[in-house]
Amino acid sequence: MAGKIIIAMGSKSDLEFCQKIGSAAEAFGVSVQYRIASAHRTPQSVLKMAEEANKSKDPIVFIGVAGLSNALSGMLAGATHWPVVTCPPGDELKDIWSSIRMPPGVAHGTVLGAENAALLAVRILSISDAALRKKVDDYLKQKADKLGKDDAGIQ
C-alpha cells in the first residue's frame, strides 16, 4: 500500500493520544510514522520535516497534534503540499481557535477524536488507492451494520 501518515506532535506528552490515532490508521494497513516537533520551540525541525515530505513520490497525510496553541498544523500546512489534518489532543479543547483559524492560503482540516482523525487521513490516501478505498467502504458498512443491530436490539 502506497502512502503514509505522519503524526506530528508538539511534545512527547501527546504520544499516548497520537498512538490512538496511529492504531486506528494501522488497522487499515496504512504505514504510520511518529514525529515530535514544535512550531514554537523547534521551528527548524518542523520545516525540515515538511521539506523531507515534499520530496516523497508516495502520498503523505500529516496529522498535527498539539494542545494549547496549535501552530504546528498551520506551519506544516504552510510548508508542505501534502494534506494536513489537525486533531487537538484529548477531550480538553484548550485553545481550539488556534486549530481552526488560519490565514487565507493556509488550509488544513480540523477533526476532533483520534479515530476520526485517522479515518480522514486514510480516506484522503484512499483517493489514489482502490484497495484502501475498499477497506474504508468495509469499515463504514460495519459501522452502519452495528447501528442497525443496535436499533433492532432495543425495539
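Taking amide H as placed 1.01 Å from N in the peptide plane, the amide H of Ile36 sits under 5 Å from that of Met9, each at least 5 places away or on another chain.
For the stretch 8-91, averaging the sequence separation of C-alpha pairs within contact (under 8 Å, six or more residues apart) and dividing by the residue count gives a relative contact order of 33 percent. How much net charge surrounds Pro59 when only other residues with a Cβ under 15 Å from its Cβ are counted (Lys, Arg +1; Asp, Glu -1)? Neighbour charge sum, excluding Pro59 itself: +2. In percent, rounded to a whole number, the relative contact order of the chain is 24, using alpha-carbon pairs under 8 Å and six or more apart. Note on Lys57, Lys48: ascending count of other Cβ atoms within 10 Å places them as Lys57, Lys48, the fewest first.
Return the calculated 222 nm mean residue ellipticity for the chain, to the nearest 500 deg cm²/dmol, obtained by summing -39500 (n - 2.57) across DSSP H runs with n ≥ 4 and dividing by the residue count.
Values: 6 runs with 75 residues, N = 155.
Roughly -15000 deg cm²/dmol at 222 nm, from the helical runs in the chain.
Between 0 and 90 degrees, the angle of helix 130-154 with respect to the longest Cα principal axis of the chain falls at about 50 degrees.
Ordered by the count of other Cβ atoms within 10 Å of each Cβ, fewest first, Leu68, Leu120, Leu147, Leu76 give Leu147, Leu68, Leu120, Leu76. Shown in residue order for the stretch 68-75 are the 3J(HN,Hα) couplings computed by the Karplus curve 6.51 cos²θ - 1.76 cosθ + 1.60 at θ = phi - 60°: 6, 10, 8, 7, 4, 5, x, 5 Hz (x for Gly and Pro). Listed peptides 3-11, 103-111 appear in the order 3-11, 103-111 once ranked by packing, highest mean of other Cβ atoms within 10 Å at the front. Shape descriptor for the chain: Rg over Rh equals 1.01 (Cα atoms; Rh from the Kirkwood inverse mean 1/r).
None of the figures in this text is laboratory data; all of them are computed from the coordinates on show. Everything quoted here is computed from the prediction, not taken from an experiment. Note that each Cβ is placed from the backbone with ideal geometry, even for glycine, and that neighbours are counted across all protein chains shown.
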